[in-house]
Structures are given as structure tokens and as C-alpha cells.
1. What does the charge add up to near Ser121, with Lys and Arg as +1, Asp and Glu as -1, over the other residues with Cβ less than 14 Å from its Cβ?
2. Could you tell me the largest-minus-smallest coordinate of the C-alpha atoms of segment 204-312 on each of the three principal axes, in descending order and whole angstroms?
3. Between segment 215-235 and segment 117-166, what is the C-alpha centre distance in whole Å?
4. What ranking of Ser190, Ser182 comes out by heavy-atom accessible area, probe 1.4 Å, highest first?
5. Where Rh is the Kirkwood radius over the Cα pairs of segment 83-202, the temperature 37 °C and the viscosity 0.692 mPa s, what D in µm²/s does Stokes-Einstein return?
6. What does the charge add up to near Arg273, with Lys and Arg as +1, Asp and Glu as -1, over the other residues with Cβ less than 11 Å from its Cβ?
7. As a test of the formula, what do you get for the chain when each DSSP H run with n ≥ 4 contributes -39,500 (n - 2.57) and the sum is divided by the residue count, at 222 nm and rounded to the nearest 500 deg cm²/dmol?
8. Taking amide hydrogens as modeled 1.01 Å from N in the peptide plane, which residues meet the under 5 Å criterion relative to Asp324, leaving out close sequence neighbours?
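The values are calculated or read from the model by the stated rules, or taken from the named source; none is laboratory data. Quick caveat: nothing in here was measured; it's all calculated off a predicted structure. Heads up, the Cβs are rebuilt from the backbone with ideal geometry, glycines too, and the neighbour counts pull from every protein chain shown. Keep in mind that these areas ignore ligands, DNA and RNA; they rest on the heavy atoms of the full protein, side chains included. Shrake-Rupley method; radii C 1.70, N 1.55, O 1.52, S 1.80 Å.
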Amino acid sequence: MYQLLVQVVEPTGAGGNMGGPQNIQGGGKKAYTNLVIKTPSFAEGIEQIVNRSDRIPHLAHLQLIGVGEKLAKNGINELYDFLTRLPQMRRHTEIIVLDGDISRFFTIPSISLPAPALHMSEMAANVQRTLVMPDSNLGTVSKSVQGKIPFILVKASLNKSDEIIMDHAAVFYNFKMAGSLSSDEMQVLSLLRNEIERGFLTFPCYRGKKAGLQLLSGESKIVPFLKKGIPHFTFQVKLETKLMEYQCLGASFSEPNAIRKAEKLYSDMMKKRIITIANMLKNKYKTDLFRLTTRIKNYPELYLWLKNDPKTFFEKMVVDVNVDFKIRTIGSSLRTPEREQSD
């Protein structure tokens with residue numbers, strides 16, 4: 001049995017007060033209606049909703065698909081098949097994983113949107129545009145499924161204040177959720193997949209102080225080769241950044257040499273971070289999270305090994321990384337404030 005929740009925006013409530021949990025508009029009407037049913041199939045569930053509501057769900061207008069974590073771990077293949085068979089479904093409909101009781105997510109009020117589903121849809125789009133989170137929609141899932149490679153979806157959870165947060169991602173392999181990625185792990189994975197377009201990098205200096213940089217652009221190329229029967233991959237990562245925050249001990253950036261020293265320091269730190277996370281991911285999942293299958297077709301021996309026996313391939317795979325880190329702008333002031341160790 002599936003529990004199916006469909007949230008429908010009510011036109012008479014959508015234009016009124018949207019800040020409170022009930023979103024009351026004239027006549028006591030809420031801005032949305034939640035229809036909850038239990039059903040053995042998705043098609044039967046839609047039929048039940050039509051029979052119970054005067055608002056027929058038009059799936060071409062569907063903004064968000066939230067998948068409960070229990071279903072995600074058991075497998076979303078039936079849901080995927082149902083959705084992709086519907087001619088009115090949009091490829092850009094957001095799909096996210098909900099960590100916990102799904103009904104709670106669809107009652108959290110929004111200060112700017114009439115319904116929680118619209119709020120989550122906009123949140124998912126925003127974290128994909130501004131942070132390092134994967135494109136999480138039906139189209140990207142379909143592309144990965146057709147290519148027989150894992151896919152990654154944004155994961156939503158509730159904090160202690162019952163606020164929705166999206167700072168993790170869920171890894172899917174063979175339609176089943178295999179684990180979660182933190183934002184740092186997702187950022188490194190995006191770098192290795194040559195999909196980095198946005199985000200922030202932070203580096204520690206002393207006593208909790210940090211340097212923060214914004215990514216302006218990024219590129220990652222691979223150099224694959226076999227050595228004594230072992231697959232080796234060197235990831236050549238180029239990053240262009242902008243200095244956003246510098247809390248470390250006073251340092252002048254007025255001399256080019258000082259900037260070069262900072263670039264070398266952050267290159268070394270980034271290399272260590274990437275290698276550590278890359279090895280953890282390949283050893284934990286033993287599947288093509290890095291999307292190498294689409295990038296090594298000109299290396300038939302490696303390609304066939306990866307396609308036919310990914311588990312052994314990733315167990316033996318050796319990862320190396322070269323990082324070319326550039327700081328293109330440091331703001332209007334060339335000198336950071338002097339600081340004492342006692343600060």
C-alpha cells in the first residue's frame with residue numbers, strides 16, 4: 001500500500017494571508033487542500049482523489065513530487081514508471097526526498113507562497129541555482145535511468161523549529177536510495193563530474209576562523225589509464241574564485257606573491273579534501289557516482305570493465321587530483337585588518 005498526499009492550491013485562499021499555518025482567507029477557506037489516501041496503485045489513487053474532490057488534479061501543473069524516505073529505500077521504480085507514462089508530465093517537475101513523516105512537510109506555512117508544496121518546490125530550485133546541489137527533477141532522473149547510471153535528488157528535512165531545510169542529497173542506484181551526501185560531499189562530487197557552476201568554499205585558518213570564497217567558474221577533466229591492471233584516474237580541476245570573507249591573521253594582498261601563496265595553500269587543501277571524499281564515495285557506493293561511463297568511451301578497456309563489473313572497478317580504482325586554484329578578485333580593499341593571536 002502507498003500513502004498518497006495531493007496538495008491542491010485553492011484560488012479563493014491563495015491571494016490572502018499566507019503567513020499563518022491555516023492561511024485563512026475570507027469565509028475561513030485555506031489557501032490549499034491536502035487530500036490523503038492509502039492505495040495499492042498510483043492510478044487507483046488518482047481515481048480516488050477525483051472521486052473525493054471537486055478539483056481535478058491536472059498533472060501538467062504539478063510543481064513538486066515529494067518521496068518519503070521509506071519508499072525511497074524500498075524503490076521508486078513503480079512511481080517513476082507511472083509518472084513517465086503520463087503524456088502531460090513536465091520534465092522539469094521537481095522531485096525531492098522527504099526525511100520523516102511526509103504529512104508534516106505539507107503543513108509547514110510559508111511567508112511568501114500559498115502552499116507548502118510550492119514553498120518546497122521554490123526552495124529546491126533555489127538551492128540548485130545558488131548552492132552545490134544536484135538538478136533534481138523528472139528529466140534528470142529519466143536521463144540517468146536511460147544511461148543506467150546512479151542519480152541524486154535533493155533531500156529535505158525538518159529542524160527542531162519545524163523549518164524545512166535542504167542541505168543534503170540522496171543517492172539512488174537501481175531506483176533505491178543507497179545513502180545520503182552532505183553539502184561538502186555533494187560539492188566535491190559536482191567538481192569531479194564537471195558540473196560545478198556555483199557555490200562557496202570555506203577554508204580554516206586558526207581558532208575557528210575561516211576564509212570564504214565564492215566559485216565563479218569551474219572545470220574538471222580526467223586523464224584515465226591502466227597501470228599493471230589497475231584503473232587510474234587523474235582529475236584535473238580548475239577553479240576560479242572570488243574572495244568573500246577573510247577572518248585569518250592580517251595579510252596583505254597588495255602584492256601578487258601574496259595572492260599566489262594563498263592560491264597554493266587553498267589548492268593543496270582542496271586537493272586533500274577532494275581525494276579524501278572521492279575515495280570515501282567510491283569505496284562506500286562502488287558505483288558510477290562520478291559519471292565516468294559517459295566520459296571514457298574512447299578508452300574501451302576501461303569502459304567495458306566499468307560497464308560489466310563496476311564493483312571491482314571502483315574497489316581497485318586509484319584516484320589522483322591536480323587542483324589549479326585562482327583568486328580573481330579580492331574586493332575593493334587590498335589589505336585585510338591586522339589581527340592578534342589573542343583575538
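1. After counting each charged neighbour, the total is -1.
2. Over segment 204-312, Cα extents along the principal axes are 54, 27, 25 Å.
3. The two parts, judged by their Cα centres, are 27 Å apart.
4. Most to least solvent-accessible, the answer reads Ser182, Ser190.
5. On the way: Rh = 15.1 Å.
The diffusion coefficient I find is 217 µm²/s.
6. Every neighbour counted, the sum reads -1.
7. Roughly -10000 deg cm²/dmol at 222 nm, from the helical runs in the chain.
8. Placed amide hydrogens put Val237, Lys238, Leu239 under 5 Å from Asp324.
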